[in-house]
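Each value in this text was obtained by applying a stated rule to the coordinates, not by laboratory testing. All values reported here derive from a predicted model rather than from experimental measurement. As a convention, Cβ positions derive from the backbone with ideal geometry for all residues, glycine included, and neighbour counts pool all protein chains shown.
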Amino acid sequence: MLQPGVGRPCAPPATRGIPPMTIHVRQNAPKTLQFTATAEGHDLPLDMPQPQGAGPDPHDYFDTALGGCKAMTLMVYAQRKGLPLESVGVDVVRDASEERKGVYRLTAKLTLHGELSDAQIDELLAVAEKCPIHKLMTAVDVQVSTLIVRPA
């Protein structure tokens with residue numbers, strides 16, 4: 001999200017007084033590896049990668065969040081600034097070959113459609129580097145707690 005009239009990403013909703021959100025993940029059937037995550041009323045299938053499964057796995061959603069955020073951030077920015085950006089395509093390329101060594105590489109390849117000058121393209125690239133998910137993945141101390149909750 002961008003601050004009105006400023007063109008810089010604003011703070012994520014949780015820091016603006018909006019209560020924390022809970023995403024529910026439930027197994028579709030006992031002893032399967034297929035799950036459904038529900039986020040704000042939207043169901044998202046979770047599965048294992050092929051050959052064990054057929055749907056998107058958690059890594060896919062992590063990577064997709066980056067691509068989606070960059071695309072949406074660019075469109076909002078361009079609309080507010082009056083830039084001639086007609087549409088955005090983002091391909092996120094994952095290199096997880098060194099993930100177990102602590103390195104997970106994502107490359108976001110942006111395809112910008114519209115009559116844009118070189119200066120506008122450079123401006124949009126700088127904005128894409130500041131999308132909230134990019135910042136969350138690279139500049140925020142993400143703290144994860146895991147708790148056991150006994151079934152009722």
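In terms of surrounding Cβ atoms within a 10 Å radius of their Cβ, His42, His59 rank from fewest to most as His42, His59. Amide H contacts for Val90 (H built 1.01 Å from N in the peptide plane; partners 5 or more residues away or on another chain; cut-off under 5 Å): Thr111. Between Ala65, Ala96, Ala108, the residue with the greatest mean-square fluctuation in the GNM of the chain (Cα pairs under 10 Å linked by springs) is Ala96. Expressed as an acute angle from 0 to 90° and rounded to the nearest 10, what is the orientation of the C-alpha long axis of helix 58-81 relative to the principal long axis of the chain? Long axis of 58-81 versus the principal axis of the chain: about 30 degrees. Across the cross-link table entries Lys31/Lys70; Lys31/Lys109; Lys101/Lys135, which are compared at the Cα atoms, the separations over 31 Å belong to Lys31/Lys70; Lys31/Lys109.
The long axis of helix 118-128 is offset from the longest Cα principal axis of the chain by roughly 30 degrees. Annotation: average projected area of the chain is 12.3 square nanometres, based on the convex hull of Cα atoms across all directions.
Tell me, what is the Rg over Rh of the range 62-144, with Rh the Kirkwood radius over Cα pairs? For the range 62-144, the value is 1.03. Summary value for the range 54-152: 29 percent relative contact order, contacts being C-alpha pairs under 8 angstrom separated by 6+ residues.
For the chain, the dipole from Cβ point charges (+1 on Lys and Arg, -1 on Asp and Glu) about the Cα centre works out to 560 debye, to the nearest 20.
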